[in-house]
Amino acid sequence: MANNSIARAAMLGRIYAALCPGGLLLFDMAGPSRAPSRNPQRTYAEGSDWAVLIQTETDDAKRILTRRITTFREKGELYRRDCETHQLQLVDPFEIVRSLQSIGFSVQILDCYGAQSLPQGLYGFLARKPGDIDSR
C-alpha cells in the first residue's frame, strides 16, 4: 500500500464520505522535525527484567524515519530477544491541512491531546465534517 500524498488524500476522502455531518476525525502524524538528527542515533531504556535498544536513522530524500528496535525480556533464567523495524513517513503538517481542507473538512492542528503534550515533531489534527450532528 502506498504512503504518498495521493494515497493519503484518497483515504481521507473515504473517511470524509463515511462520517456523518458534524463528525470528527482525530489523528496524528509525524512531521520532518520528528527525526532527532540527520545522523544515526542510539538510545536505550531498561527495567529490572527488560531492556529496549533503539537505533534511529532518517532518509532525507525519501522523508522516512526508520527505527530498529531490539527488546530483551527476562523469561525464567534466560532472556527472550525480539527485533522490529518501524518506518514513519515524515509529512509536512501543512500538506495534511491543505488536503483535509480541499476535501471539505475544517481543520485544527493540535500540539496536545488534553493535558498530554505530543512529542517533538508529532502533529495532531482535529478535522470536522461540516454540518449539524443533531440534524440526523
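What the table below lists for this structure:
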quantity	calculated
Pair list, Cβ < 9 Å and 6+ apart or interchain, from the stretch 92-109 residues that are without any contact (Cβ under 8 Å) to a residue 24 or more places away in the chain to residues that are surrounded by fewer than 19 Cβ atoms within 10 Å (Cβ to Cβ) and of a type in the set (Gly, Ala, Ser)	GLN108/GLY124; ILE109/GLY124
Qualifying residue in the stretch 67-79 (condition: among the polar types (S, T, N, Q) and either within 16 Å of the chain's Cα centre (by Cα) or closer than 22 Å to GLY13 by Cβ (or both))	no
Failed criterion for LEU26 (all others in (1) touching a residue at least 60 places away in the same chain (Cβ under 8 Å); (2) outside the structural domain of GLY121 (by TED's automatic domain parsing) hold)	(2)
Flag if ARG14 is at pLDDT 95 or above, out of contact with any Gly (no Cβ under 9 Å at 6 or more places or on another chain), exposed (fewer than 14 other Cβ atoms within 10 Å of the Cβ) and under 24 Å from LYS129 (Cα atoms)	yes
Those residues of the stretch 40-54 which are at pLDDT 95 or above and within 28 Å of ASN4 (Cα to Cα), in sequence order	ILE54
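Condition check ((1) over 14 Å from the mean Cα position of the chain (by Cα); (2) in the same structural domain as SER5 (by TED's automatic domain parsing)) across all residues:
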residue	(1), (2)
THR85	yes, no
ILE96	no, yes
SER102	yes, yes
PHE105	yes, yes
ILE109	no, yes
GLY114	yes, yes
GLN120	no, yes
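The values are calculated or read from the model by the stated rules, or taken from the named source; none is laboratory data. Please read these numbers as outputs of a predicted model, since none were measured by experiment. Don't worry about glycine lacking a Cβ; one is built from the backbone with ideal geometry, like all the others, and counts go over all protein chains shown.
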